[in-house]
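Asks: Pasting a structure here, questions to come.
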Amino acid sequence: MKYKALLALACLISSHANAHKAGDWIIKAGPISVQPSVDSDPIDVAGLQTFENGVDVDNDVQLGLTGTYMLTDRWGIELLAASPFSHDIELEDAPVTAGDTKHLPPTLSLQYYPDFGSDTFIPFVGLGLNHTVFFEEDASADLNLALDDILSQPAGTTDATLDLDNSTGIAAQIGLDYMISENILINGTIWWIDIDTQANIYTADATVNFDVDIDPFVYFLSVGYRF
C-alpha cells in the first residue's frame, strides 16, 4: 500500500511537469563557484623580469542568482548575478600572496532550449556578454616586502597600491533544468567566461603593469521556481 501511494505521487508530479513556455519567468538560487584558469604575463619590476610566471588567482564560492524570461518556447534571456566574489592573488614564482580583490560578474545571455522530447529534463545552451567589476583591491604586506628587496630599499619603505581594470567579454554556458513539479525545478549550469584584466601596482618609485587572463569556469547548482 505504501509503495502504491509513492508511485501514485510520482505519477502525479511528473504529469504536472511541462517544458518552459513563452512568457515564463524562471528564478534560480544556489551556490556558485568561480574557478579561474589563469594565464598571466610576466611581472617586470624596475626593468627586470622579476616574476616570470606572473600570478595565479584562487577559487571562491558565493550565492548565485539567475532570472530567465522565455521569449518563445525555445529561446530565453537570462541575467546572472551573485554576492561578491573574493580572491587571493598569488605570485607563481614565490610563496607570496600578492594581494586580494573582490568582483561582481553580471552576465546577460541568450539561451536556446532544444526539443529533446521531454517535459521533465530540459537542457539548454547560451551565449552572452559578461562585465566584471573589480573593487576593494589590496596589495599585501608580503608584496611590499618583496618589492623593498627587489628595489634594494629598507623593509617597510614600499606602500604599494593594487588596481585591476574592469573586463567585458563573452560568456558561454550549458545547463539542465529538471522539473520536479509544475513550478519547482533543480538546475545545474556551467559557464566559461572570458575575463581579461590589466593589473596595475603603483608605488612611489615605479608603476608595474601586466595582463592577466582569468577566464574562469563557473559552476552553479540551484533550486528554481517557474511562474
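Asks: Run the paramagnetic zone check for Val223: 7 angstrom along Cα to Cβ, then residues of region 64-84 with backbone nitrogen under 13 Å.
Replies: none
Asks: Right, next: Counting only helical runs of four or more DSSP H residues, what would the 222 nm mean residue ellipticity of the chain come to if each run contributes -39,500 (n - 2.57) and the total is spread over all its residues?
Replies: About -3500 deg cm²/dmol.
Asks: In degrees, nearest 10, range 0 to 90: what is the angle between the Cα axis of helix 2-16 and the longest Cα principal axis of the chain?
Replies: 80
Asks: Sorted by packing (mean other beta-carbon atoms within 10 Å per residue), highest first, where do 54-64, 154-164 land?
Replies: 54-64, 154-164
Asks: Follow-up question, since we're still on this one. Show me the ranking of peptides 184-191, 36-43 by mean Cβ neighbours inside 10 Å, starting with the highest.
Replies: 184-191, 36-43
Asks: Next up: I'd like the distance between the alpha-carbon centres of region 141-194 and region 63-112, rounded to an integer number of Å.
Replies: If we compute the Cα centre of each part, the gap is 9 Å.
Asks: If I compute Cα extents along the principal axes in Å from the structure I just sent, which labelled value in [x] 52, 37, 35; [y] 80, 38, 24; [z] 60, 38, 29 lines up?
Replies: [y]
Asks: Among His103, Thr189, Ile26, whose Cα lies farthest out toward the positive end of the dipole of the chain, if unit charges sit on the beta carbon of Lys, Arg (+1) and Asp, Glu (-1)?
Replies: So the residue we want is Ile26.
Asks: Using the Cα gyration tensor of region 146-212, with a ≥ b ≥ c the square roots of its eigenvalues, what is the shape: rounded (a/c below 1.5), prolate (a/b larger than b/c) or oblate (neither)?
Replies: prolate
Asks: Now for a separate question. Nearest 10 degrees, 0 to 90: what angle lies between the long axis of helix 141-150 and the longest principal axis of the chain (Cα atoms)?
Replies: Its long axis makes an angle of about 40 degrees.
Asks: Restricting to DSSP loop positions (anything but H, G, I, E, B) with no more than 13 other Cβ atoms inside 10 Å of their own Cβ, which GluC sites (Glu not before Pro) remain in region 21-105?
Replies: Hits after loop and neighbour filter: Glu52.
Each value in this text was obtained by applying a stated rule to the coordinates, not by laboratory testing. Please read these numbers as outputs of a predicted model, since none were measured by experiment. Here Cβ is always computed from backbone atoms with ideal geometry, including for glycine, and neighbour counts include all displayed protein chains.
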